[in-house]
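Let me begin by presenting the structure, written as structure tokens, before commenting on it.
The values are calculated or read from the model by the stated rules, or taken from the named source; none is laboratory data. Just so you know, these numbers come straight off a predicted model, no measurement behind them. Cβ atoms come from the backbone with ideal geometry, glycine included; neighbour counts cover every protein chain shown. Note: accessible area is taken over every heavy atom of the protein model, side chains too, but ligands, DNA and RNA are not part of it. Shrake-Rupley method; radii C 1.70, N 1.55, O 1.52, S 1.80 Å.
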Amino acid sequence: MQSSYYQEYYAIEREHWWFLVRNQILMNHLRQNLPFKRPLQILNIGVATGRTSELLMEFGNVKSVEYDQECYEFTKANVPIDIVQGSILELPFESEKYDLVCAFDVIEHVEDHTLAVSEMKRVCKPEGLVSVTVPAFMFLWNQHDEVNHHVRRYDMRMLKKIFEGDGKIVFNTYFNFWLFFPIAFFRLLSKILPLHQRKIEEAGSDFTIMNGPIFQKIFKTIFKTEDWLIQRKIRLFVGVSALLTWQKTKKV
């Protein structure tokens, strides 16, 4: 990848309506559920250009991990965070080291997501939290997933299954609920109409398709209403994405 790609993604992570609201939802969710006194020891995996790590610093000391070598080098050179290059499938850290382990839109990129979750659990302290987000529902698969090298999308049953054992699920929900319905309609339509599909392929990622100033204002306003619902522990029954937070069992 050229450095211009990462510069563009750096801006998208900090300005696009989807990232802005998703991150607001995640930080408010963690503020409600973190059971420890701060500062915490935090591991953030698959950080891309590092925006979530910057936000997580509110809660304590953040160690960031990025697998892609070029992305790691860009972020290390341009973002003031503590970052190492490494894989979620073989985390270079001792067991039970972190109070909070995060992987936001990461495990959908790896074939062996069971091993990925096992590694996150391993480095999590007893009573610590593991929090993940993933794209939801395979029938929504489109060019965005191809561009971003996804292996799968998830339903909640699948996501909960790979977290079974050694602890309990604190909270889980779908999100990006309101926009699920128009997005599902247009993605299903794109599979039926070849001409429409061709346009989607030429446009590439969803982040470039829906990032004009009008989209930014309208979608951000709609999406932000879900933060209010999730803060009140209301589980949304569908969505374009899914959130799950798991707590490790305390040792007896």
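Suppose R0 equals 30 Å; then what is the FRET efficiency for residue 158 and residue 58 from their Cβ-Cβ distance, rounded to the nearest 0.05?
About 0.45, to the nearest 0.05.
From the phi angles alone, apply the Karplus equation (6.51, -1.76, 1.60; θ = phi - 60°) to segment 138-154 and give each ³J(HN,Hα) in whole Hz, x where the residue is Gly or Pro.
Computed from phi, the couplings for segment 138-154 are 4, 5, 8, 4, 8, 4, 4, 5, 5, 4, 9, 6, 6, 9, 7, 10, 10 Hz.
Is there a pair in 160/248; 63/125; 224/248 whose C-alpha atoms are over 20 Å apart, and which pairs would that be?
Listed pairs above 20 Å: 224/248.
Restrict the search to segment 2-105; then list the GluC sites (Glu not before Pro) that DSSP places in a loop and that have at most 12 other Cβ atoms within 10 Å of their Cβ.
94
Tell me the Kirkwood hydrodynamic radius of segment 26-171 in angstroms, computed as one over the mean inverse distance between distinct C-alpha pairs.
Computed over segment 26-171, the radius equals 15.7 Å.
Quick check on packing: order 178-191, 106-119 by the mean number of other C-beta atoms within 10 Å, highest mean leading.
On the way: 178-191: 14.6, 106-119: 19.1.
The peptides rank, most packed first, as 106-119, 178-191.
Give me log10 I(q)/I(0) at q = 0.07, 0.11 Å⁻¹ for the chain, Debye formula, one equal scatterer per alpha-carbon, no solvent.
The Cα Debye sum returns log10 ratios of -0.23, -0.58.
Do any trypsin sites (Lys or Arg not before Pro) in segment 17-59 lie in a loop, going by DSSP, with at most 10 other beta-carbon atoms within 10 Å of their beta carbon, and if so which?
Details: sites: 22, 31, 37, 51; in loops: 37.
Within segment 17-59, the qualifying trypsin sites (Lys or Arg not before Pro) (loop, at most 10 other Cβ atoms within 10 Å) are 37.
Under a 5 Å amide H to amide H cut-off, with H placed in plane at 1.01 Å, what residues pair with residue 170 once short-range neighbours are removed?
Amide H neighbours of residue 170, under 5 Å, 5+ apart: 245, 246, 247.
Charges only on Cβ, +1 for Lys and Arg, -1 for Asp and Glu: so what's the dipole of the chain about the Cα centre, in debye to the nearest 20?
Dipole about the Cα centre, nearest 20: 1220 debye.
Find the accessible area per residue for the chain; the probe is 1.4 Å, ligands and nucleic acids are left out, and the unit is Å².
Here the per-residue accessible area is 48 Å².
Work out from phi, with θ = phi - 60° and the Karplus expression 6.51 cos²θ - 1.76 cosθ + 1.60, the ³J(HN,Hα) of each residue of segment 45-62, listed in order in whole Hz, and give x for Gly and Pro.
Couplings: 9, x, 7, 6, 8, x, 5, 5, 5, 4, 5, 5, 4, 4, 9, x, 8, 10 Hz.
For the chain, what % of the accessible area comes from carbon and sulfur atoms, probe 1.4 Å?
Exposed carbon and sulfur together represent 57 percent of the surface.
Straight-line reach only, C-alpha to C-alpha below 30 angstrom: list the lysines that residue 217 could link to, leaving out same-chain residues fewer than 8 apart.
Partners within reach: 191, 199, 233.
Amide H neighbours of residue 101 under 5 Å, at least 5 residues apart or on other chains, H built in the peptide plane: list them.
HN-HN under 5 Å from residue 101: 43, 129, 130, 131.
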